[in-house]
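Here's the structure, in C-alpha cells; my notes come after.
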C-alpha cells in the first residue's frame, strides 16, 4: 500500500513538473514572439476588434472568414483580429487600448455607448464612408450624435446588422391548447390569453417568459403609446399609462402561477428554456436566438414547430431596434485602408453570408429583401415580420449618462423580478435621476486636475523626505558593527520597503487624489478634472446605491463573520478528537475551501437556483411539511435571502479558519484541561474557562481577517448575481468595480475605495482596542 | 480538548458535516458526466439527486475543454499555461521575498524596525481595492495591461501576511544558531539562504499551498488586467465560458470545465496535507 | 594560542541597564578561566563581549595584543560552544564541522577558476586538508562514526561533542564556552567535565568558560572569576576561592553545602556574641576590632562534640545520607545549620547535639551580604 502511494506521489510530482515546464515554454514562446514580431514588413497592418455574444462560435467564424476574404482581395493589407470574449470584457479592453493610445482601427460599437466614446473623440465621423441611403434608416440613425442627443448629427458607426423584436412561440403547444396562432398584429390580450391557456396544460408547462431588459421595457411602453423620456430626452414618469403597463406586467408575473416564468433572474438563459419545449412563448427577442433555435428538431423527431410573431400591439403598434455597428478610430495610422475594410465589413457579400447564418437582419435593404434573408423554407418562416416591424420601430435612445439605463434596469428589476411595489420603484428611479442631474458633478465644467503641480510637489516632498532619512541614518552614535548591521537590515528588507512605496503608499496617495477628480478613464490622465470633494458629497448625500451597497455588505458582515467563526471553531473542536478516521474528516471539511473561486461560484449558482437547484430541491419536502416554500434566493426573495445565501456559501469555505483553530487547540497544554477536569469543570465550563481564553489571540486574529475579507466579497457576487436583482446583492466592492469599469467614473470609484479604507481601519481599530492583547513581541532580540 | 465522548455520538455530526461539505462537489461531478439530455432534464425538473452517474459521459470533458475560447483547445491550453506560469512564479516570488524580509525583521537590529513592523501589520488590514485603480493606471502607463506581468511582479515585493508568519517562525530559531553563523563569517544574505530557508520548511510549505490556492483561484485581478483570450487565466476563461454557455443545455459542459479548473487544487491539497503534519525535525535545538 | 586582556571593560545596555561593571582581567595563554556566578551576574555578557557578539561600552578587549573591540566575531579567531549547541540542523555532522572552514577558505569556487588547472589543484588541496582536520577532530572526540548523521539523530551528549568538534576544527586562538553542559543530565555532565579537562591538557589551548554551577567551575578552572550583579567579586585559583573567599557572597556561592553564617558582634573581650551564645574566637582572629560582624563556617568544619565549651547546642532536624558522609540539618538558636561529617550510628532526628567549629574553619566577614573577609592577623 505504501508502495502504491509512493508511486502515485511520484507520478503526480512528475506530471506537475512536466506541466510546469510545458507551461513556461508555451508562455515564453508566445511572449518572445510578441516582442520580436515588431515589423510586419511593408504590408499595412490593420487591427480589428469584435466580440461574439449571441452568435458564439459561428459569429466568430464569420468575422474570421470575412477578414480572410478581405485580405485576399487586398494583398498588402494584413488584418489582425482580437476577440476578447463577451461584450463585458470587450469594452474594458477597448477602454484600455484607447487610454494607452493604441486603439484598434476598426471595432464593434454599440449604440448606447456612442455618446461616451464620440465625446471622448475616439470615433471617426463616417458620413462620407458609405452610401447611407441604402441602409435601414432607423438603424443608421441610432449611431448619429450631435454632441448632446443621439439619433441625429454626425454618423459615428455603420450598423452591421440589426433586429427588431418579438415573441417566438411553440406552435405545437398552441395547437395542443387549442389557441389560434399569433398574427402579425396580435394584441397583448391575445398574448396573455394564449399564455394562460397554455399554462393550463399543466405538467410543468409554462405560458411564456418575458425578459425585462431596459430597452425591452421601453418597447413595451411604446406599444402603449408612452415612453419614459419626453421629446427633449428628459425623464418624465408622470403619464399614468407607464404605471399601468408595468403594473400589468408585474401582475402577470407574480399574481398568476405558471403564466410567466422568472428564469432570467437565475442567470439562466431564458431562450434555452424554450428549447425544452415546455414554454409557450419566449421573448421579446430579436433574430439572435434563431441559430440556436434552429437546433430544435421537427415534430416527428421529438421536437416541436416554432415561429416568430412581432411584438404585440397595445394601443399602438411599436417595436424596438437593437443594432451593433462597426466604428473606426480617428487616429488610425492607415485611414484609407481602414475605411476600405469598414466598407467591406458592412458590404453586400458580408451581409449576405451573415444573414444566411440567421443571426441577425442585414442592414442593407437590398440584402434584407432578398432571399439571403427571406426564406420561408427555414424556420422561422415569418421572416418578413422582422422587416415590416421596422416601419414602426425606433432605437431606444438613452440620455448620455451611461448609468441611466443600468439604473432604470435595476429599479425595474425590483418590481418586475422581485415583485416589489411599482410606485416606489418608479419614484425611486425618478428621484435618483433628479438627484444625479442636480448634483454639481453632472453639470458644471471643472478645471483640469493640476497634475504638473502635484508632481512637482511630490518630487519636492520626496527629496525632503530623502534628505531627512539620510540625515537620520548618518547621525546617531552607532558603532561600525551596528551600522553594518543596520545596512544589512535595510538591504534585506528592501523588497518590502520598495513595495511599500511603489505598490502601497504611492497608489494610496494617488487614489486619494483621484477621488477628487472626475475622469472617465478613457483618455490619458491629463483629461481628469478637479472636483474637490464633490464625489464624496454625492456619495454621502445622494447616492442611494451606495447606501444599498453598505447595507448589503453590513448585512453580510454581521451574518457571515460570527457565523463563520463559530462554525469554524465548532468544527475545530469536533475534529480535535483523536478518533479513527479523523484524518479523513478533517480533509473533507477542509477540501471545499481550496476550491473558492470561479468554479465554486458556478457550482453554487446551480445550488441556489430557485427552481430545481440543489438546495431548494432538498428543502422543498422539508419545508413543505410546514406548509412553507423554499425561498427564491436570488430572485423574488433576494432582498431578504440573497445575502444569507452568500453567507451560507461562506460557511462552506471555513476550512482555512478551522485549521488555524485546530493548530491553536493543539497548542493548549493538555494539563490545563486535565487540571480543570480534576477541579470538577464540565465540558462547557472547561471550554469557557480554559479553551476560549487560551485561544483568545487566535480568535481575534481570525476574526479580524474574516472581517476584512468579508468587506471584499466580489467574485461570487460578480458571477452569480452581478449585484442584482436591483441592488439586493450589490456588495460594496462590486459597486466599486461597476463604477470604475462599467460606468467609466474612475474618480468616483476612487472615492468609494477611500471610504472603504477608512471604514475597515476604523472597525479594525475598534476591534483591536476592545481586546488589548494581540501583538506579541516574543523572540525579538532586545 | 480531547473528546471523551463515545464514538458513535461523535461520528454523527462529523459525518453529516462531511457529507454537506462534499456533496456539492460530488453532485457537480455527477452532472458533468451526464448526457446533455439528462443534465437538462435533471436541472429543470429537480430530479437531480442521483447519487451515482449512471452513464458517465467522459467525452463531456473533452468537449468542454475544446470549446474554451474561439479556437478549439488552444483557448484552454493558453488559459492553463497562463495560470500555471503565474501561479508558480508568484509562489516562488512570495516565498523568497517574504522570508528575506522576515529575516530582517526577526533577527537584524536596525533603527525603525519596530515602527516598520507595526506599519506592515497595519497594511494587512488594507483592502486591496484602495490601490486597485491607481495600480491599474500605473501598470497601464507601463504598457503592461493585457500581459501577465501585473499579476506576477508585485509578488516579488513580499506579502505582509507571509512576512508576518515567517517572522514569527524565524524569531523562534535560537539566537545561538545565528551567532554561530556570524562567527562562521556568514553575511546576512547567506544566513537567509543557507540557514533560514532550509529551516523554515514548514512555513514555506504553508506559504506555498496558501499562495497557490489563492492565485490559482484569483479572479478579480486577472479580470482587470487580462483582456485577450491569449492571456487569460483559467479563472477568467471559465467565466467567459460561463457567459457563453449559460443555457440549461450546456450545464454538463459548464460543470465539466469547472471540475477541470478545480483539479490542481484538489491534487495539491492531498499532496500537501502530509507535509503540514510533518513537524520540525531539527535537532539543533536542545532536547 | 593567545592571551586575552580586558582593560577597564564595562557594558551598559541600551535601556540603561549596567550589565557589567568596569573590570580588568588578564587571561594567560593556555589558561582555563572560568567565569562563574548566579544568573544575571554578567558572566555571559562578558564572554559574549570577548566573542564580539556584544558591543563593548567601555574599555578595550585585546586578543594577543590586538584590540578587537571593532573586529567582527568571525575575524577574531575565536571559537564558541553554545549552551544549546547551535548545530545546523539540515547539515550532517561532517557538514557542521567543515562549515566554518569552508567559509574561510581562500579559494571559494568561482566559475572563472574552474578553467584554471592551478586553481583547481589548490582547491583540491584545500578540500583535502579540510577533510583531514574534520576527521582529526572527530577522532579526538570519538565521533567519527557519526560524521554522516544529522543532528536530530544524535543524543544530547553526542550533539555537545559535535559542537565541541566544530570549535576544535577551527584551531582558534581561544575557545569560548557558554554554559555548554547545562542541558545535559547530571551524570553526563560529570563525564563531559573530565573530558574537557583532558582536552584542555592535550591542546594546551586558552579556554574561557562560563557556568553558573560552582562545582563545575571548581573542577575545571585554572582560575575562577566569581561575578555577582555585574561586579567581579574575586579572581583566584579554585583552592584560594574556596579557602579564602574574598567576601561573604563568594563564600556562600562556592562550596556545597553552603557555608553556615552567624550574624553577631565581637565584644571587647574578643568573644563573639550571637543569639545568647558566647563563643571565643580562634587565635588568628583575636585582634579583630569589636563591633558587628559575621562568622562563616563551612559544614565540613563543624564537629560534633560532647563538651559544651565553645559549642553550639542544636537539635537534629533531618539527616541526609550521602554514602561516604552524612549531612545533618540542625536547628539551633543561631538558626539552621548544616554539618557534614563521617557517617556514624546513634544519631536520630530530634536528637540534641553540640557542634563546634574547628580553629581553622572560622571565617570572619564584615556585616552585610557582601561583607568583605577580614584577614587573619
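Please treat every number below as a calculation from the coordinates, not as lab data. The structure presented is a predicted model; accordingly, all values stated were derived computationally and were not measured. Neighbour counts are summed over all protein chains in view; Cβ atoms, including those assigned to glycine, are modelled from backbone coordinates with ideal geometry.
Quick look at the values:
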item: Test item: A:730-737 mean partner chain Cβ contacts at 10 Å; result: 2
item: For chain A: relative contact order, % (alpha-carbon pairs under 8 angstrom, 6 or more apart); result: 13
item: 222 nm mean residue ellipticity, helices alone, for chain B (DSSP H n ≥ 4; -39,500 (n - 2.57); rounded to 500); result: -21500 deg cm²/dmol
item: Selected from C:218, C:227, C:140 as most flexible by GNM, with chain C as the system and alpha-carbon contacts under 10 Å; result: C:140
item: Angle in degrees between helix A:403-416 and the longest Cα principal axis of chain A, rounded to the nearest 10; result: 90
item: Chain B: relative contact order in percent, alpha carbon pairs under 8 Å with at least 6 residues between; result: 32
item: Of B:20, B:135, B:29, the one that fluctuates the most in a GNM where chain B has Cα springs shorter than 10 Å; result: B:20
item: Gyration tensor verdict on chain B (Cα atoms; rounded if a/c is under 1.5, prolate if a/b is larger than b/c, oblate otherwise); result: oblate
item: Approximate spin-label separation residue B:35-residue B:58, in nm, with each point projected 7 Å along Cα-to-Cβ; result: 1.9
item: FRET efficiency, residue A:365 to residue A:69 (Cβ-Cβ, R0 22 Å, nearest 0.05); result: 0.45
item: Rounded if a/c under 1.5, otherwise prolate or oblate - the range B:74-244, Cα gyration tensor axes; result: prolate
item: Sorted peptide list for C:75-83, A:408-416, criterion being average Cβ within 10 angstrom, highest first; result: A:408-416, C:75-83
item: Proxy reagent accessibility, fewest Cβ within 10 Å first, across A:721, A:187; result: A:187, A:721
item: Rounded to 10°, Cα long-axis angle of helix A:614-624 versus longest principal axis of chain A; result: 90
item: Rg(Cα) / (2.2 N^0.38 Å) computed for chain A, rounded to two decimals; result: 1.12
item: Helix A:480-499 axis, angle to chain A major axis (alpha carbon atoms, nearest 10°); result: 20
item: Set of the range A:502-539 residues, backbone N closer than 16 Å to the point 7 Å along the Cα-Cβ line of residue B:142; result: A:502-508
item: Convex hull volume per residue in cubic angstrom - Cα atoms of the protein assembly as shown; result: 239
item: Semi-axis lengths (Å, descending) of the ellipsoid that matches the C-alpha gyration tensor of the range A:677-750; result: 44, 14, 7
item: Percent of beta bridges antiparallel (DSSP, the range C:4-248, rounded to nearest 5); result: 50
item: Volume per residue of the C-alpha convex hull in the range C:4-248, rounded to whole Å³; result: 148
item: Shape call, the range A:284-344: gyration tensor on alpha carbons, a/c limit 1.5; result: oblate
item: Rounded to 5, percent antiparallel among DSSP beta bridges of chain A; result: 60
item: Over the range A:483-581: Kirkwood hydrodynamic radius from C-alpha pairwise inverse distances, Å; result: 19.1
item: Residue C:269-residue C:370 FRET efficiency (beta carbon distance; Förster radius 35 Å; 0.05 resolution); result: 0.80
item: Considering only the protein assembly as shown, percent of DSSP beta bridges that pair antiparallel, nearest 5; result: 70
item: Most fluctuating residue given options C:217, C:311, C:275, as computed from a GNM of chain C linking Cα atoms under 10 Å; result: C:275
item: Taking B:186, C:41 and counting other C-beta atoms within 10 Å, the order from fewest to most; result: B:186, C:41
item: Ranked list, fewest to most other Cβ atoms within 10 Å of each Cβ, for A:490, C:13; result: C:13, A:490
item: Shielding by partners, peptide B:169-180 (average Cβ within 10 angstrom, other chains); result: 6
item: Inter-probe distance in nm under a simple model that places probes 7 Å from Cα toward Cβ, at residue A:452 and residue A:127; result: 3.6
item: Within chain A, helix-based [θ] at 222 nm, where runs of 4 or more DSSP H residues each add -39,500 (n - 2.57), nearest 500; result: -16000 deg cm²/dmol
item: Percentage relative contact order, the range C:4-248, counting C-alpha pairs under 8 Å, at least six apart; result: 31
item: Number of partner chain Cβ atoms within 10 Å, mean per residue of A:575-588; result: 5
